[in-house]
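Engineer: Quick one: the structure is below, and I'll ask about it shortly.
All of the numbers you see were taken from the coordinates with simple rules; none came from a lab. Since the model is a prediction, treat every value here as computed from it, not as a measurement. Cβ: placed from backbone, ideal geometry, glycine included. Neighbour counts: every protein chain shown.
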Amino acid sequence: MKITVVGTGYVGLVSGVCFSEFGFDVTCIDNNKSKITDLQRGKVPIYEDDLERLMTKNMHAGRLFFTSDTGAGVKDADLVFIAVGTPSKSDGSADLSYIYGAVGDLAPHIRKDATLVIKSTVPVGTTRAIKNFLLKKGVDVEVAFNPEFLREGAAVADFLRPDRIILGVESIKAEKALARAYRPLYMLSIPILFTGLETAELSKYAANAFLAMKVTFINEIANLCEKCGADVQEVAHAIGLDKRIGELFLQAGPGYGGSCFPKDTCALSTFAKEFGVETPLVDETIKSNNERRSKMIKKIMDACHNDVKNKNVAVLGVTFKANTDDMRDSPSISIVDYLLKEGARVKIYDPSFSEQAKNIFKGVYWSTTVYDNCNDADIVVILTDWAEFRAVNLRELRRRVRNPLLVDLRNIYTVPEVKATGFVYHSVGRSLLNE
Ligand code: UDX
């Protein structure tokens, strides 16, 4: 079976590499020629654990190729996956121009007996619309929708060991082709669900919106904990033991970011309205999460008695979450901007050494270790939950700072361990009694 993947971003590249790991011949296409050149040289453009090893292995095995020539990349494929971006437009709806651009480019070349599979997150009805778009061009191929559920930083693991595979199909032919592509997972007893196109499309948005809502819920509970003397970590554990709730995605923090939750919640709300349906819970999730940035800024400013002018602020972690270099919609962007505007001297250490971050933050200093970053600091602010921050020697940190003030927006530490080292400690959802 020959598989082609169009788009070599977080989803496309991981999918292409993992399909080649399943043993299929895979060609990955991108219209960014310099990116393709880097990939052909074995250079991985994204920060994903184990991706480089698998990519190199399968390139050497002669079953993984990269090209910017759509015709050459598509003409022999049995399955063509579209994994290009669907970013938010200013009105919150999904921008489908890249999808239609990719489909238009491949239309003259795709085999008539191939199956075109949309993997990008698209509003309900888009896959069917693409089928009609191709029919108008005289191209009658099977179409399907196969959402991805890849978390950045764990994308390879999530592809090779997913909780389930969802396949939106319209024919036995498409069903058989996709069943064959995912047979290695079937052999691992991973549930494979065949649904209609619209069900598969909506399942992707519903999953992300629910997870975003769950995170936002615990963040709202954290706000209450800070006023009433409860501990949000303990509340999260206490409710998470209920199997109907589950312990994951109940970690209070600065609010969700990334390339998916923000855009998918907005897109869901927008296209639901186009169907004449209101989604108040999703809308409130979006609103609550957006407001959380300013709540976190207030928490930091309150800790500094509203004066950071000429203060040394040591920021630890700026990516939207740990184990990624992705800065898209990261809470750190508005937080660091505000501190700079208030006259703070901001130093940043992020273990990913994200190039995106270096392009976003101007007028800051960059460190290469946690400890260097905290030398002479008047306040240490933790914005991302990198594992290495949990291993930090707080006593060493205490010796290096100029003022022992620590604001931990990811509850990396326990209150007692921090206070034992002499820091004044502010965190999320742990009551004032603990601070
Ligand atoms: C998400 C979905 O998990 C994935 O299935 C989908 O395919 C893409 O979108 P991702 O955006 O990579 O993945 O990150 P995720 O790990 O889901 O975290 C999303 C945001 O929620 C991050 O900002 C993270 O910091 C935040 N989060 C997550 C919390 O604040 N608390 C939690 O308990 C979990």
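Engineer: Please list 3J(HN,Hα) in residue order for segment 141-156, calculated via the Karplus relation 6.51 cos²θ - 1.76 cosθ + 1.60 where θ = phi - 60°; whole Hz, with x for glycine and proline.
Structural biologist: Residue by residue, segment 141-156 yields 10, 5, 10, 8, 10, 9, x, 9, 10, 8, 7, 4, x, 9, 5, 5 Hz.
Engineer: Using alpha carbons only, how many angstrom separate the centre of segment 113-137 from the centre of segment 315-343?
Structural biologist: Computed from Cα coordinates, the inter-centre distance equals 37 Å.
Engineer: How many angstrom lie between the C-alpha centres of segment 267-305 and segment 144-199?
Structural biologist: Going from one Cα centre to the other spans 31 Å.
Engineer: Where in segment 251-352 are there GluC sites (Glu not before Pro) that are in a DSSP coil and have at most 11 other Cβ atoms within 10 angstrom of their Cβ?
Structural biologist: Passing both the DSSP loop test and the Cβ count: GLU278.
Engineer: Once label points are set 7 Å from the Cα along Cα→Cβ at both LYS273 and ILE46, what is their separation, rounded to one decimal in nm?
Structural biologist: Result: 3.0 nm between the two label points.
Engineer: Count the net charge of all other residues whose Cβ sits under 12 Å from the Cβ of ILE297, scoring Lys and Arg as +1 and Asp and Glu as -1.
Structural biologist: Taking every other residue near ILE297 into account, the sum is +2.
Engineer: Tell me, what HN-Hα J-couplings in whole Hz come from the Karplus equation 6.51 cos²θ - 1.76 cosθ + 1.60 at θ = phi - 60° for each residue of segment 370-384, using x for Gly and Pro?
Structural biologist: For segment 370-384, the Karplus curve yields 4, 5, 4, 5, 9, 4, 6, 6, 8, 8, 9, 10, 9, 10, 10 Hz.
Engineer: May I pose another question? Distance check, please: which entries in LYS2/LYS136; LYS43/LYS176; LYS57/LYS131; LYS321/LYS347; LYS119/LYS362; LYS33/LYS136 exceed 28 angstrom between their Cα atoms?
Structural biologist: LYS43/LYS176; LYS57/LYS131; LYS119/LYS362; LYS33/LYS136
Engineer: Counting only residues 5 or more places away or on other chains, whose amide H sits under 5 Å from the amide H of ILE192 once H atoms are built in the peptide plane?
Structural biologist: Amide H neighbours of ILE192, under 5 Å, 5+ apart: ILE165.
Engineer: Oh, and also: Could you give log10 I(q)/I(0) at q = 0.09, 0.20, 0.21 Å⁻¹ for segment 296-435, computed by the Debye formula over C-alpha point scatterers of equal weight, without solvent?
Structural biologist: Here log10 of I(q) over I(0) equals -0.22, -1.25, -1.39.
Engineer: Can you tell which of GLY255, GLY246, GLY317 shows the greatest fluctuation in a Gaussian network model of the chain with Cα springs below 10 Å?
Structural biologist: Taking springs between Cα atoms under 10 Å, the residue moving most is GLY246.
Engineer: With Cβ to Cβ distances under 13 Å as the rule, what net charge do the other residues near ASP283 carry (K, R +1; D, E -1)?
Structural biologist: -1
Engineer: A further question on this structure: At 30 angstrom or more along the helix axis (alpha-carbon based) and mean Kyte-Doolittle of 0.0 or higher, what helices does the chain contain? Whole DSSP H runs only.
Structural biologist: Correct list, ordered by number: 197-228.
Engineer: For the chain, place one equal point scatterer on every Cα, skip the solvent, and apply the Debye formula. What is log10 of I(q)/I(0) at q = 0.05 Å⁻¹?
Structural biologist: Calculated log10 I(q)/I(0) at the listed q: -0.20.
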